[in-house]
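Peer 1: Would you mind keeping the following structure in view while I ask a few things?
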Amino acid sequence: MHRFIVMGLGLLVSAMAWAQNAPPANAPVAGVKSANIFQLAPDADSDPKYKQQSNAERGQVQPGNNAPMWHQVGQGVTGYSSLPKSQAPEAGNLIQPFVQYPGSRLTNAGEAWRQVRNQWLIPYGGSLILIALGAVALFYWRKGTMELHGAETGRKIERFTPFERAAHWANAIAFVALAVSGIVMAFGKFFLQPILGNMLFGWLTYALKNIHNFAGPLFAVSLVIVIVTFVRDNLPRAEDITWLLKGGGLLTGQEVPSHRFNAGEKVLFWGGVFLLGLIVVASGLVLDKLVPGLVYERSTMQISHMVHAAATFLMMAMFIGHIYMGTIGMRGAYSAMRDGYVDETWAKEHHELWYQDIQAGKIPAQRSQPAAPAAKPATTA
Ligand code: HEM
């Protein structure tokens, strides 16, 4: 105890000695000229040209006042940068110039993009997906799985060759990976972050973002193969109009005759796979910075992000219908894409004109080379 009191007194005495020798607080420090900007020309702003002053002019009446420069920065003015434009196209620009993206106010581009994303894409895109899910749930509840009416014959028709199935499933698997990771990136903070907490949600989203970036090019390549593979049988035909006018007979249960693909599938092909698919892929490749020769500025990324998100929400809504029909919505559809074959009764009931062409010998019932029978094991004498 005694030792501590002595130490404390010692410290107090040295502190008092230092305070006596220290220079007064307002004494000038050698080489540094201090100035109180509040005391310098406090009425400088009464000059009518005060607001138009350049930074240099302002510095003369109010040294240290950089407001004109920051005002320009906020307006998106680009300053000088010695970095090459090809490598750092926006090096001289801190805040982007003002724009008005569709749905945003006129403001700097970063804020305008944020408004479009948060006020339009996220709420309306999310609602669209929920509406599509609700619609198929309602349809399933009221109509259930579309069953075959007639008995199966046991005679099979090859609907999809191994090549067609491989192309389809490569594309579908990439699509599901992209859709799940995209949904978590866009909406995860509303439904996952509160459950997982910040740390786990951060890691999950980081992992999914990388999966998204790598699944994208796989989707792009397989999409082109799917388009080329299925385009011929998706070309419009006269009977498609009747199919569309009658809504395919989905509600009446009286299916409208169609060739290999009906008009509903053709709408999905041209609208969902071809048009939206190519828009999503093109904008995605820009976001992945995979388009050679393109100058990647912030506005390039903002515009491609908005296009990507809008097209992708529409595409997901359409594919919710496709996945429903391809799984629980129609008996026999999924196994056709899994194994390649449908029963004659399925072909007759769902694609009557296609079935008639096969019966007439215009289309072979078996298009791919059937798998060779397994070699018999050599018998030993
Ligand atoms: C998990 C996801 C998916 C499932 C379960 C699924 C299931 C199916 C099934 C069962 C068929 C056969 C329909 C019939 O016999 O007429 C089919 C056809 C088809 N699917 Fe998918 N699919 C999926 C995802 C995709 C994706 C992501 C794409 C392309 C972006 C796609 C494009 C097609 C195309 C082009 C056809 C041929 C019919 C047409 O041209 O409309 N599918 N799918």
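Each reported figure results from applying straightforward, stated rules to the coordinates on display, with no laboratory input. Every value quoted in this text rests on a predicted model; they were computed, and no experiment measured them. Every residue, glycine as well, gets a Cβ built from its backbone with ideal geometry; the counts of neighbours run over all protein chains shown.
Peer 1: Would you please name the trypsin sites (Lys or Arg not before Pro) within the range 218-301 that are DSSP coil residues with at most 14 other C-beta atoms within 10 Å of their C-beta?
Peer 2: Passing sites in the range 218-301 are LYS289.
Peer 1: Want the number for ASN118 to LEU245: 0.36 nm per residue separation, take away the alpha-carbon distance, what's left?
Peer 2: 41.9 nm
Peer 1: Place a label point 7 angstrom from the Cα of ARG232 along the Cα-to-Cβ direction, then list the residues of the range 156-172 whose backbone nitrogen is under 18 Å away.
Peer 2: So the set is 158-168.
Peer 1: Expressed as a rounded percentage, what relative contact order does the range 171-259 have, with Cα pairs under 8 Å and six or more residues apart?
Peer 2: So the answer I get is 30 percent.
Peer 1: While we're here: Can you pull out the trypsin sites (Lys or Arg not before Pro) in the range 112-199 that DSSP calls coil and that have at most 16 other Cβ atoms within 10 Å?
Peer 2: Passing sites in the range 112-199 are ARG155.
Peer 1: Measuring from centroid to centroid over Cα atoms, what is the spacing of the range 227-305 and the range 123-198 in Å?
Peer 2: When both Cα centres are located, 16 Å separates them.
Peer 1: On average, how much area does the Cα convex hull of the range 258-381 cover when viewed from any direction, in nm²?
Peer 2: If I average the Cα hull's projected area over directions, I get 14.0 nm².
Peer 1: Of TRP120, TRP203, how do they rank once you tally other Cβ atoms within 10 Å and put the fewest first?
Peer 2: Least to most surrounded, the residues fall as TRP203, TRP120.
Peer 1: Something else: Suppose a student asked you for the relative contact order of the chain, using Cα pairs under 8 Å spaced at least 6 residues apart; what percent would you report?
Peer 2: 19
Peer 1: What order, most packed first, do the peptides 321-328, 77-84, 123-130, 220-227 have when packing is the mean number of other Cβ atoms within 10 Å of each residue?
Peer 2: Top of the packing list down: 220-227, 321-328, 123-130, 77-84.
Peer 1: Let me ask something additional. Amide H neighbours of MET330 under 5 Å, counting only residues 5+ apart in sequence or on other chains, H built in-plane at 1.01 Å?
Peer 2: Correct list: MET146.
Peer 1: Figure the gain on full extension for TYR80 and PHE98 (residue separation times 0.36 nm, minus the Cα-Cα span) and round it to one decimal in nm.
Peer 2: Additional length available on full extension: 4.6 nm.
Peer 1: In addition: Give the calculated FRET efficiency between LYS189 and VAL224 to the nearest 0.05, with a Förster radius of 25 Å applied to their Cβ-Cβ distance.
Peer 2: For R0 = 25 Å, the calculated efficiency reads 0.15.
Peer 1: Tabulate in residue order the Karplus-calculated ³J(HN,Hα) for the range 117-126, using 6.51 cos²θ - 1.76 cosθ + 1.60 with θ = phi - 60°, rounded to whole Hz; enter x for Gly and Pro.
Peer 2: For the range 117-126, the Karplus curve yields 5, 7, 9, 10, 4, 5, x, 6, x, x Hz.
Peer 1: Provide the per-residue ³J(HN,Hα) series for the range 209-214, in order, calculated from phi with Karplus coefficients 6.51, -1.76, 1.60 and θ = phi - 60°, each as a whole number of Hz, with x at glycine and proline positions.
Peer 2: Computed from phi, the couplings for the range 209-214 are 5, 5, 4, 4, 5, 8 Hz.
Peer 1: How much length, in nm to one decimal, is gained on full extension between SER54 and VAL180, taken as 0.36 nm per residue of separation minus their Cα-Cα distance?
Peer 2: Once the chain is fully extended between SER54 and VAL180, it gains 40.2 nm.
Peer 1: Ordered by residue, what ³J(HN,Hα) values in Hz, to whole numbers, does the range 86-96 give under the Karplus form 6.51 cos²θ - 1.76 cosθ + 1.60, where θ = phi - 60° and Gly and Pro are x?
Peer 2: Once θ is set to phi - 60°, the couplings for the range 86-96 become 5, 9, 9, x, 10, 4, x, 10, 7, 10, 5 Hz.
Peer 1: Right, something else. Give the lysines reachable from LYS209 as a straight Cα distance under 16 Å; neighbours fewer than 8 places away on the same chain don't count.
Peer 2: Within the straight-line cut-off, LYS209 pairs with LYS189, LYS289.
Peer 1: Could you work out the relative contact order of the range 245-381, using alpha carbon pairs under 8 angstrom and six or more residues apart, expressed as a whole percent?
Peer 2: Relative contact order, the range 245-381: 28 percent.
Peer 1: If you don't mind, there's one more thing I want to ask. With a cut-off of 15 Å, note down the residues of the range 207-247 whose backbone N falls inside the zone around a label point 7 Å from the Cα of LYS362 toward its beta carbon.
Peer 2: It comes to 233-240, nothing else.
Peer 1: Next question, about the same structure. Just round it to a whole percent: the fraction of Cα-Cα distances in the range 194-299 exceeding 21 Å.
Peer 2: Roughly 57 percent, once rounded to a whole number.
Peer 1: Over the range 29-135, what lengths in whole Å, largest first, do the semi-axes of the equivalent ellipsoid take, defined as the square roots of 5 times the eigenvalues of the alpha-carbon gyration tensor?
Peer 2: Sorted largest first and rounded, they come to 44, 19, 14 Å.
Peer 1: Sticking with this one: For the chain, take every pair of Cα atoms, bin their distances at 10 Å starting from 0, and report each bin as a whole percent.
Peer 2: Answer for the chain: a P(r) of 4, 15, 19, 16, 12, 11, 8, 5, 4, 3, 2, 0 percent.
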